[in-house]
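Take a look at the structure below.
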Amino acid sequence: MKLLAAILLCTLCGTAWGHDLSADNAAYVQGLTGPAPGPFLYLGAKHMFTGIDHLLFLLGVIFFLYRGRDVLLYVTLFTIGHSLTLCLGVWTNWQVDEHLVDMVIGLSVVYKAFENMGGFDRLLGAQPDTRLAVLVFGLFHGLGLATRLQGYIDGGDGLATNLLSFNLGVELGQLLALTIILIALLQWRRSPSFARHAFGANTLLMCCGFLLAGNQLAGYLLS
Amino acid sequence: MTAAADKRRILRASAAALLVAALVLVTAVLPAEYGWDPLGTGEALGLMGMSEAGETALRAQPGRWRSDAITFALEPFEAVEYKYRLQAGDAMLYRWSSDTQVLFDMHAEPDGAAPGYAETFAKARSDSGGGSYTAPFDGIHGWFWQNRTQQRATVTLETRGYYASATEFRDGREFEYELTGDAKDQP
């Protein structure tokens, strides 16, 4: 139950704050020209570590993964997906609406929760490839990262360094967050309450996903 | 559990998830984030106004502070353009004056815009102007002056703010200035 409370709390906080780079960080990196691996590495890590939408999706992905090999496989697929669109999106300066991308990211949490609840299996009678889903949603998560970074990165020299530093930071932040989530999850799985509340937890996860998506939709429509 | 009961459970849970999310969104998130309060709950919970609280009057400027003055001589019917490179949100204070009335057009060209595209903020005949300017987008921002009198005009521009370079356009040519903050004079 503590985990559930924590998820809800984090989502509310995440929704309230968004996870834009803070104004001071933004002003600082905007003033930079040329390669600045340190700041961009830090920003990437911070963005991922404080990005509740990315974290909830990861939680959904590893929720029922019991073997280390599977965790590694799925997280790798997610990493490939988001790195691809992060790099391509920033490199080609692909302009997409960040609210819409973030809405899809919110819906990726809904999707994963629905999958964990057995929705595809039981309700629709067919389970889309779970690995493909993680990869494809990874692409959207990367696009979301790209829209953030585009606002702060200087297109001139240093672009490659800064982009790769940000990407590396994202992976470090992800590793750190994932470790914490995994430890909590492993702990929870040991208790009998896991089986009882797994369905409820994914319902809550879905609710958070809807909330994130709704907030972004509102942002798209109202601002 | 039967398959049918299972289905009902998943459907019910999904509907509940959507409903709760919509409820939280409408009662709390919309009022707090966007100042939109369809049910009046934002007012009741004291959430209204939160979305404006983040808009502070202060904007930290990381760039170097510049202070420049430049003087242009304009022969009859000669024109000059002088623009600063500013990023969106960068601010500048300016004052210009001329010893005779000139036509001016204060405008900006966004980066990546079609050639010749400009957004005009003020356009008139005057012998002076001044104010503050905050760049709405990345690009070059500044003035066009034209002397439409029969006598020579001398225009002086003073600026303070956060810009790195300036470009002068005259007779179809461009002169790029890396600004050092020193006063410049141009005959």
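The values are calculated or read from the model by the stated rules, or taken from the named source; none is laboratory data. Quantities reported herein were computed from a predicted structural model and do not represent experimental measurements. Here the Cβ is made from the backbone with ideal geometry for all residues, glycine too, and neighbour counts use every protein chain on show.
Annotations for the structure displayed:
- Filtered residues of the range A:25-71 (kept if surrounded by 16 or more Cβ atoms within 10 Å (Cβ to Cβ), assigned to a loop (DSSP other than H, G, I, E, B) and of a type in the set (Phe, Trp, Tyr)): A:Phe63
- So B:Glu43, is it more than 11 Å from A:Cys207 (Cα to Cα), more than 10 Å from chain A (Cβ to nearest Cβ) and either in a helix (DSSP H, G or I) or in contact with a strand residue (DSSP E or B) (Cβ under 9 Å, 6 or more places away or on another chain) (or both): yes
- Subset tally (residues that are among the small types (Gly, Ala, Ser), out of contact with any helix residue (DSSP H, G or I) (no Cβ under 6 Å at 6 or more places or on another chain) and in a helix (DSSP H, G or I)) for the range A:99-142: 1
- Any hit, the range B:152-166, residues being in a loop (DSSP other than H, G, I, E, B), loosely packed, with under 14 Cβ neighbours inside 10 Å and modelled with pLDDT of 90 or more: yes
Residue-by-condition table, conditions (1) hydrophobic (A, V, I, L, M, F, W, C); (2) touching a Phe, Trp or Tyr at 6+ places or on another chain (Cβ under 8 Å):
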position	(1), (2)
B:Glu109	no, yes
B:Pro115	no, no
B:Arg125	no, yes
B:Ser132	no, yes
B:Trp145	yes, yes
B:Gln150	no, no
B:Tyr162	no, yes
B:Ser165	no, yes
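- Selection status of B:Ala32, outside any loop (DSSP other than H, G, I, E, B), within 12 Å of chain A (Cβ to nearest Cβ) and farther than 30 Å from A:Ala198 by Cα: yes
- For the range B:4-22, the count of residues that are within 8 Å of chain A (Cβ to nearest Cβ), under 30 Å from A:Val29 (Cβ atoms) and of a type in the set (S, T, N, Q) is zero.
- The numbered conditions (1) over 19 Å from B:Glu174 (Cα atoms); (2) of a type outside the set (Lys, Arg); (3) outside any strand (DSSP E or B) are all true for B:Ala113 except (1).
- Boolean, B:Ala60 is surrounded by fewer than 13 Cβ atoms within 10 Å (Cβ to Cβ), over 20 Å from A:Thr203 (Cβ atoms) and at the interface with chain A (Cβ under 10 Å from one of its Cβ atoms): yes
- Qualifying residue in the range A:202-222 (condition: more than 7 Å from every other protein chain (Cβ to nearest Cβ), among the small types (Gly, Ala, Ser) and without any contact (Cβ under 8 Å) to a residue 40 or more places away in the chain): no
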